Amino acid sequence: MTLNDFTWLTQRRSPRYEASDIISTVEFNHTGELLATGDKGGRVVIFQREPESKTEPFSQGEYNVYSTFQSHEPEFDYLKSLEIEEKINKIRWLPQQNAAHFLLSTNDKTIKLWKVSERDKRPEGYNLKDEEGRIKDISTVTSLQVPVLKPMDLMVEVSPRRVFANAHTYHVNSISVNSDYETYMSADDLRINLWHLDITDRSFNIVDIKPANMEDLTEVITAAEFHPHHCNLFVYSSSKGTLRLCDMREAALCDKHSKLFEEPEDPSARSFFSEIISSVSDVKFSHSGRYLLTRDYLTAKVWDLNMESKPLETYQVHDYLRSKLCSLYENDCIFDKFECAWNGSDSVIMTGAYNNFFRMFDRNTKRDVTLEASRESSKPRAVLKPRRVCAAGGKRRKDDISVDSLDFTKKILHTAWHPNENIIAIAATNNLYIFQDKLNSEMH
């Protein structure tokens with residue numbers, strides 16, 4: 001896959017929105033046929049890809065709402081006098097093993113396992129129940145009949161199967177399903193726990209970086225993920241910009257890492273903001289399991305698992321913001337946590353930026369592109385125009401955007417890439433944009 005022209009595919013938005021409508025996570029399932037979003041109001045919306053239509057060629061591939069449900073409600077911790085937000089921090093799909101789909105969703109404290117299933121038949125002709133489900137008087141039953149299944153309108157049922165609670169003192173920032181499909185891990189600021197999907201009342205603590213004295217705390221865990229193929233390996237990132245690869249075969253408590261990935265800091269480039277902008281906000285294994293993709297405030301980096309000393313590749317996402325760090329610190333934007341994503345073949349990476357821009361980098365050709373998720377680009381099959389930001393004081397060409405005119409309230413924090421095709425999902429505040437590459441759309 002290369003950086004082709006991307007065209008608008010689907011847009012879901014609410015013209016008037018509240019803070020609870022802001023999308024907080026986006027995730028494709030393992031086939032890419034379903035796409036789940038979570039928002040700050042604790043809701044999960046699942047979209048399903050429409051099959052090909054001969055009569056409506058433009059509807060092929062569109063994602064339409066499949067099911068919506070309330071995953072989490074606001075809670076109150078009376079012992080600590082703390083409100084627990086309903087905001088969905090992460091969603092992770094389990095691989096499909098039967099007709100039903102399963103997904104994990106988490107807020108700051110509680111993880112839930114949900115079953116999503118379809119029903120298009122209903123039983124009729126009970127002997128001991130009437131049509132409304134009331135129990136009949138047995139004395140009125142004079143003959144027996146065999147109940148039958150009758151077709152009905154398709155109904156999507158979502159039911160909670162497990163609730164994993166009371167295991168995290170701090171805010172959960174990551175969940176990751178293991179390749180054994182039996183266990184998963186959840187990470188908060190200081191600890192990582194390992195769970196079995198069938199056991200809700202206990203978990204095993206596999207990483208604990210909490211110091212005896214909290215005044216000695218120097219870093220926190222920012223993200224964690226299992227290796228896609230080796231069930232014993234996982235990685236976690238820290239606010240100091242380091243990555244630690246751990247092997248659960250070595251010890252039950254993985255406080256001692258197997259590998260430490262860290263880029264030496266250039267002393268001449270050190271500033272007040274160095275530690276803040278080096279904090280890793282997201283880490284993702286490549287599909288092959290050979291590489292790691294990380295995102296910090298200004299850059300995206302690709303690491304080779306066999307080389308710990310420095311990243312294999314470094315991509316400048318928005319280097320033009322380096323001169324703006326002071327004002328970004330004052331308005332708290334410098335603490336924004338941008339996510340990153342691989343395409344299906346690990347040849348292109350994607351991550352978000354400000355002004356509803358998102359960036360793509362082709363690892364083979366070294367080409368990169370800046371695209372915009374906006375209402376103006378959401379005309380059917382409209383090709384997204386590459387955008388260019390001009391640094392302060394630099395020469396401006398036609399259609400260039402000055403760094404001073406960027407809107408920092410419009411930010412692309414959450415993105416996802418279809419596991420097999422060039423289809424991407426972009427969350428922009430309360431809007432969900434889905435784009436596909438031009439080549440992909442012309443093939444259908």
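Some notes on this structure:
- The stretch 289-310 residues that are over 21 Å from residue 343 (Cα atoms) and of a type outside the set (S, T, N, Q), paired with ones that are open to solvent by 10 Å² or more (accessible area, probe 1.4 Å) and part of a loop (DSSP other than H, G, I, E, B) (beta carbon under 6 Å, 6 or more apart): 310/263
- Filter result for residue 271 (open to solvent by 30 Å² or more (accessible area, probe 1.4 Å), out of contact with any His (no Cβ under 6 Å at 6 or more places or on another chain), more than 22 Å from residue 344 (Cα to Cα) and of a type in the set (Ser, Thr, Tyr)): yes
- Residue check for residue 346: closer than 20 Å to residue 22 by Cβ, open to solvent by less than 70 Å² (accessible area, probe 1.4 Å) and modelled with pLDDT of 95 or more: no
- Selection of the stretch 175-226 for residues being under 23 Å from the mean Cα position of the chain (by Cα) and aromatic (Phe, Trp, Tyr) yields 181, 184, 195, 226.
- Scanning the stretch 123-146 for residues that are surrounded by 12 or more Cβ atoms within 10 Å (Cβ to Cβ) and touching a strand residue (DSSP E or B) at 6+ places or on another chain (Cβ under 8 Å) gives 124, 125, 129, 136.
- Some residue of the stretch 381-399 being under 19 Å from residue 315 (Cα atoms) and either touching a Gly at 6+ places or on another chain (Cβ under 6 Å) or at pLDDT 95 or above (or both): no
- When residues of the stretch 314-340 are limited to those that are part of a strand (DSSP E or B) and open to solvent by 10 Å² or more (accessible area, probe 1.4 Å), the one nearest to residue 421 (Cα to Cα): 315
- Complete set of residues in the stretch 311-337 that are touching a residue at least 40 places away in the same chain (Cβ under 8 Å), of a type in the set (Ser, Thr, Tyr) and in contact with a strand residue (DSSP E or B) (Cβ under 7 Å, 6 or more places away or on another chain): 315, 320
- The stretch 156-260 holds strands (runs of 3 or more DSSP E) entirely within its bounds, and those carrying 1 or more residues that are touching a residue at least 40 places away in the same chain (Cβ under 8 Å) and among the polar types (S, T, N, Q) map to 174-177, 183-187, 204-208, 221-226, 233-238.
- Among the residues making up the stretch 394-427, those that are surrounded by 18 or more Cβ atoms within 10 Å (Cβ to Cβ) and either of a type in the set (Ser, Thr, Tyr) or under 13 Å from the mean Cα position of the chain (by Cα) (or both) are 412, 413, 414, 415, 416, 417, 418, 424, 425, 426, 427.
- Residues satisfying the criterion are present in the stretch 137-153 (criterion: in contact with a Gly (Cβ under 7 Å, 6 or more places away or on another chain), touching a residue at least 24 places away in the same chain (Cβ under 8 Å) and more than 23 Å from residue 186 (Cα to Cα)).
- Those residues of the stretch 279-311 which are part of a loop (DSSP other than H, G, I, E, B) and of a type outside the set (S, T, N, Q), in sequence order: 280, 287, 289, 290, 296, 297, 298, 305, 307, 308, 310, 311
Per-residue answers, yes or no, for (1) buried (at least 20 other Cβ atoms within 10 Å of the Cβ); (2) under 20 Å from residue 201 (Cα atoms); (3) in contact with a Gly (Cβ under 7 Å, 6 or more places away or on another chain):
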site	(1), (2), (3)
68	no, no, no
73	no, no, yes
76	no, no, no
90	yes, no, no
95	no, no, no
103	yes, yes, no
111	yes, yes, no
116	yes, no, no
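- Pairs, first modelled with pLDDT under 85 in the stretch 420-444, second hydroxyl-bearing (Ser, Thr, Tyr) and open to solvent by less than 10 Å² (accessible area, probe 1.4 Å), C-beta under 8 Å, six or more apart: 437/7; 438/7; 441/7
- Yes/no for residue 286 being on the phi < 0 side of the Ramachandran plot, among the hydroxyl-bearing types (Ser, Thr, Tyr), in contact with a Leu (Cβ under 9 Å, 6 or more places away or on another chain) and crowded, with 18+ Cβ neighbours inside 10 Å: yes
The values are calculated or read from the model by the stated rules, or taken from the named source; none is laboratory data. Fair warning: this is a prediction, and the values are worked out from it, not measured in the lab. For neighbour counting, all protein chains shown are included, and Cβ atoms are generated from backbone atoms with ideal geometry for every residue, glycine included. With ligands, DNA and RNA removed, areas are computed over all heavy atoms of the protein, side chains included. Shrake-Rupley method; radii C 1.70, N 1.55, O 1.52, S 1.80 Å.
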